[in-house]
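The values are calculated or read from the model by the stated rules, or taken from the named source; none is laboratory data. These numbers were taken from a predicted model, which means no experiment stands behind them. Cβ placement follows ideal geometry from the backbone for every residue including glycine, while neighbour counts extend to all protein chains displayed. Side chains are part of the model used for accessible areas, which takes the heavy atoms of the whole protein and leaves out ligands, DNA and RNA. Shrake-Rupley method; radii C 1.70, N 1.55, O 1.52, S 1.80 Å.
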Amino acid sequence: MLEVGTKAPEFTLPDQNGNMVSLADFRGKKVVLYFYPKDNTSGCTKQACAFGAQYAAFQAKDVAVIGVSKDSVASHGKFAAKYELPFTLLSDPELTAIQAYDVWHEKKMCGKVSMGVVRTTYVIDENGVIEWAKEKVKPDVNAGELLDYLG
């Protein structure tokens, strides 16, 4: 995980509609950048739906919400449509941003070891500097805790 006070790594990735999105596009506003393992899984769906349900509150604070996983553009498109997600989902199958933000780690599940995304959320300030960071966030409370933090 990257440390608070670190310059947020730049990236350009396709969103759920195939449009290229860069972190630089959001300069001048805060960004909630959250990394999650996989579309349509229990925890990831809870987290995405919580951000969706609270999206108006993030907009009222002029904060962009961006979710990133290694799923394909098509997968993100279906996921966003199925749950009516109003925010940006970025596809990172090459692990460009995932590795730049240090969220690709060895994971152990049911005695099996594999590499995967550790659920991590960053808040990036208007100047592109990480101001809040937390790994292993709880999917169902992450959006609420960020709104509390953002005041």
- prompt: Is at least one residue of region 73-84 farther than 17 Å from Lys38 by Cβ, touching a residue at least 12 places away in the same chain (Cβ under 8 Å), surrounded by 21 or more Cβ atoms within 10 Å (Cβ to Cβ) and under 14 Å from the mean Cα position of the chain (by Cα)?
  reply: no
When every residue in region 58-72 that is open to solvent by less than 20 Å² (accessible area, probe 1.4 Å) and not in a strand (DSSP E or B) is compared, the one farthest from Ile124 (Cα to Cα) is Asp71
*asked:* Take the conditions over 12 Å from the mean Cα position of the chain (by Cα), within 25 Å of Asp148 (Cβ to Cβ) and not charged (D, E, K, R) and apply them to Ala60. Does it pass?
replied: yes
If we keep only residues of region 93-119 that are among the hydrophobic types (A, V, I, L, M, F, W, C), in contact (Cβ under 8 Å) with a residue 24 or more places away in the chain and touching a strand residue (DSSP E or B) at 6+ places or on another chain (Cβ under 7 Å), then the residue surrounded by the fewest Cβ atoms within 10 Å (Cβ to Cβ) is Leu95
Exercise. So is Ala133 among the aliphatic types (A, V, I, L, M) and either open to solvent by less than 30 Å² (accessible area, probe 1.4 Å) or free of Cβ contacts under 8 Å to residues at least 12 places away in the same chain (or both) or not?
Worked result: yes
Determine whether Thr88 is in contact with a strand residue (DSSP E or B) (Cβ under 9 Å, 6 or more places away or on another chain), among the β-branched types (Val, Ile, Thr), modelled with pLDDT of 95 or more and open to solvent by 70 Å² or more (accessible area, probe 1.4 Å). no
Tyr55: modelled with pLDDT of 95 or more, out of contact with any strand residue (DSSP E or B) (no Cβ under 7 Å at 6 or more places or on another chain), under 16 Å from Ala143 (Cβ atoms) and of a type in the set (Phe, Trp, Tyr), yes or no?
no
Scanning region 24-45 for residues that are assigned to a helix (DSSP H, G or I), of a type outside the set (Val, Ile, Thr) and under 18 Å from Lys70 (Cα atoms) gives Ser42, Gly43, Cys44
Pairing a residue in region 15-34 that is among the hydrophobic types (A, V, I, L, M, F, W, C) with any residue that is part of a strand (DSSP E or B) and open to solvent by 50 Å² or more (accessible area, probe 1.4 Å), where Cβ atoms lie under 6 Å and the two sit 6 or more apart in sequence or on different chains, gives Met20/Thr12
